[in-house]
């Protein structure tokens, strides 16, 4: 399994990667903003993308819109501080498969990933 972790905070990327490693996802690429995310998904295959909302250059929601408009079906989990119900609804309508609010525990992240990738349910 290959994942792309997109967040402008290197610390958050490391936390997410560590949590992914605990459930067997060790092939992980990183991106620091939405533009990098779109470029990465356009040039490589990923099994899952974990995407922050608030980033420079291009927000996560704009990156998600761009990916879905390009026909990319890769599962996306929004991992963000945006906790308002309207934001959650917007993300799901835009094409997010799951939504995880920061701060989160490694167990919460693992559960969301397993929801999106049933092959990992036994991990």
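Has region 20-31 got any residue that is under 12 Å from the mean Cα position of the chain (by Cα), surrounded by 17 or more Cβ atoms within 10 Å (Cβ to Cβ) and touching a residue at least 60 places away in the same chain (Cβ under 8 Å)?
yes
Looking at 3, 19, 63, 29 in this structure, which one is under 23 Å from residue 88 (Cα atoms) and touching a strand residue (DSSP E or B) at 6+ places or on another chain (Cβ under 6 Å)?
From the options 3, 19, 63, 29, the qualifying one is 3.
Can you tell me which of 72, 112 is buried (at least 16 other Cβ atoms within 10 Å of the Cβ), assigned to a loop (DSSP other than H, G, I, E, B) and either under 13 Å from the mean Cα position of the chain (by Cα) or at pLDDT 95 or above (or both)?
72 is the lone residue from the list that is buried (at least 16 other Cβ atoms within 10 Å of the Cβ), assigned to a loop (DSSP other than H, G, I, E, B) and either under 13 Å from the mean Cα position of the chain (by Cα) or at pLDDT 95 or above (or both).
Could we say that residue 87 is more than 21 Å from residue 119 (Cβ to Cβ), without any contact (Cβ under 8 Å) to a residue 40 or more places away in the chain, crowded, with 16+ Cβ neighbours inside 10 Å and over 14 Å from the mean Cα position of the chain (by Cα) here?
On the way: more than 21 Å from residue 119 (Cβ to Cβ): yes; without any contact (Cβ under 8 Å) to a residue 40 or more places away in the chain: yes; crowded, with 16+ Cβ neighbours inside 10 Å: yes; over 14 Å from the mean Cα position of the chain (by Cα): yes.
Answer is yes for this residue.
State whether one or more residues within region 75-89 are touching a helix residue (DSSP H, G or I) at 6+ places or on another chain (Cβ under 7 Å), farther than 20 Å from residue 8 by Cβ and part of a helix (DSSP H, G or I).
no
Exactly one condition in (1) surrounded by fewer than 16 Cβ atoms within 10 Å (Cβ to Cβ); (2) touching a helix residue (DSSP H, G or I) at 6+ places or on another chain (Cβ under 9 Å); (3) not in a helix (DSSP H, G or I) is not met by residue 45; state its number.
Of everything listed in (1) surrounded by fewer than 16 Cβ atoms within 10 Å (Cβ to Cβ); (2) touching a helix residue (DSSP H, G or I) at 6+ places or on another chain (Cβ under 9 Å); (3) not in a helix (DSSP H, G or I), residue 45 misses just condition (2).
Can you tell me which residue among 57, 65 is more than 21 Å from residue 114 (Cα to Cα), in contact with a helix residue (DSSP H, G or I) (Cβ under 6 Å, 6 or more places away or on another chain) and in a loop (DSSP other than H, G, I, E, B)?
Only one candidate passes the filter, namely 57.
The values are calculated or read from the model by the stated rules, or taken from the named source; none is laboratory data. Keep in mind that what you see is a predicted model, and the values were worked out from it rather than measured. Cβ sites come from the backbone with ideal geometry, for glycine too, and all protein chains shown count toward neighbours.
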